[in-house]
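Quick notes on the structure that follows.
The values are calculated or read from the model by the stated rules, or taken from the named source; none is laboratory data. Fair warning: this is a prediction, and the values are worked out from it, not measured in the lab. Methodologically, a virtual Cβ is constructed for each residue, glycine included, from the backbone with ideal geometry; neighbour enumeration extends over all protein chains shown.
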Amino acid sequence: MPTRVTWPSFVIVLIAASCSQSHSDPGVADGGPDADADVDSDADTDVDTDTDSDVDSDTDTDVDSDTDTDSDVDADTDADSDSDTDVDADIDADVDADTDSDGDGDGDEVIECGWSECTADNCCESEWGRGGEEYCTDIDVDTQNCGECGRRCGRDQFCAGGECLCWGLDVCGDACVDLQSDRDNCGACNNRCRGDTPVCQAGVCRTCEEAGYLECDGECVRGETNDESCGECGNTCPDGTQCVEGTCTQGECEVECAAGSACCDHPWGGIRGCADLRNDPFNCGGCGQRCLFGQDCVEGACGCAPWLTDCDGYCADTQSDPANCGECGVECGPGDPLCSEGACTGCEDWGAVECGGGCVFIDWDTQNCGGCGERCDEGEYCYLGDCYEEDDGGGGMM
């Protein structure tokens, strides 16, 4: 007879409760063993480390990706902090359009002018009928159109950099004067020495006595060199003699010379004849008295003219001499090879271009036509930087 197993009463109660729950819960799957996996699926609560994976919400860098607002700085880095790049583009265009040589926005425009082409500023009316009523020139160096059309320099002036200038002298209008000795422009243009101070000396109007002159019949006279008042008022030197240092000086030969000159065997280094003992460097102050090389004969004495400086026996114009610029021994070099008003300056200040350490005008120089080293062929000339054949009247560009 089989043995009957008797279950404890509390176990029976547990089994009954379990069975009744499995029939009442619709969310539990059929089959006991699989449903047990639900207990394992409860590990999903562990898998709920997704809450940690929610760090993804942090790692979404969405907040950081908001740095796209920073990346928007890229738009600002276009100098958009000012405004759109269009502004920059507009500025560039405007600046380029206005940056011309004269700053007025139209000077660089090339136009037809007569039989050639040039900028509007350099197109001037012709006075010689060179192929039309107008012609192209260079207002930087043209003495008839200096700085602008129609502005003429004086007879003794030259044009450089669009300005009328004088070599070693001062500019007063269209004249070249020495402000140190010119009685009509003493110390300044149009400052005239008159009345009791009729002599201009060192840029100051002075009396005859202050200047060391004789006063003869109301006039200031230099007794050292005046042939009619030599040494004193009324002492006239006879023909064939000259007043030198207040003495009537004779010549050395029999040639008859007019008053104010004397006969010397080698006047100005030539054959026998009449010489001016006051300015002949071969007969300075007397026949045969030669001045050293580089010296001048000034009023019968070897030395330098009042506007020149003695630099070791050489008379230099320190206002324009590039070897003695401003003072003796100061040389102007590459970059500033010219001397103007006692200061070294660049070629461009004179409307020229530096080539090989010197200044050239590339508009006219056949050896540097249009640029350094650009030579015109034999039989051609340079006009406004282009070479032309001499027989084509300037009309055929080569």
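Descriptive notes on the structure:
- Members of segment 276-310 that are aliphatic (A, V, I, L, M), in contact with a Gly (Cβ under 7 Å, 6 or more places away or on another chain) and closer than 26 Å to Ala258 by Cα: Leu277, Ala301
- Scanning segment 249-288 for residues that are of a type in the set (Val, Ile, Thr) and either within 24 Å of Arg222 (Cα to Cα) or assigned to a strand (DSSP E or B) (or both) yields a count of 1.
- Selection over segment 289-308 of residues that are over 19 Å from Thr225 (Cα atoms) and modelled with pLDDT of 90 or more gives a count of 0.
Results for (1) under 23 Å from the mean Cα position of the chain (by Cα); (2) part of a loop (DSSP other than H, G, I, E, B); (3) modelled with pLDDT under 90; (4) crowded, with 19+ Cβ neighbours inside 10 Å, shown as yes or no for each residue.
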residue: Asn145; (1), (2), (3), (4): yes, yes, no, yes
residue: Glu148; (1), (2), (3), (4): yes, yes, no, no
residue: Trp167; (1), (2), (3), (4): yes, yes, yes, no
residue: Asp182; (1), (2), (3), (4): no, yes, no, yes
residue: Cys186; (1), (2), (3), (4): no, yes, no, yes
residue: Cys189; (1), (2), (3), (4): no, yes, no, no
residue: Arg192; (1), (2), (3), (4): no, yes, no, no
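- Annotation note: of Cys230, Cys291, Cys220, the sole residue that is in contact with a Cys (Cβ under 9 Å, 6 or more places away or on another chain), part of a strand (DSSP E or B) and among the hydrophobic types (A, V, I, L, M, F, W, C) is Cys220.
- Residue selected from segment 268-284 under the condition surrounded by 15 or more Cβ atoms within 10 Å (Cβ to Cβ) and more than 47 Å from the chain's Cα centre (by Cα), by the criterion farthest from Asn235 (Cα to Cα): Arg272
- Within segment 208-259, the residues that satisfy the criterion of being at pLDDT 90 or above and of a type in the set (A, V, I, L, M, F, W, C) are Cys208, Ala211, Leu214, Cys216, Cys220, Val221, Cys230, Cys233, Cys237, Cys243, Val244, Cys248.
- Count of residues meeting criterion [crowded, with 17+ Cβ neighbours inside 10 Å, modelled with pLDDT of 90 or more and assigned to a loop (DSSP other than H, G, I, E, B)] in segment 368-398: 4
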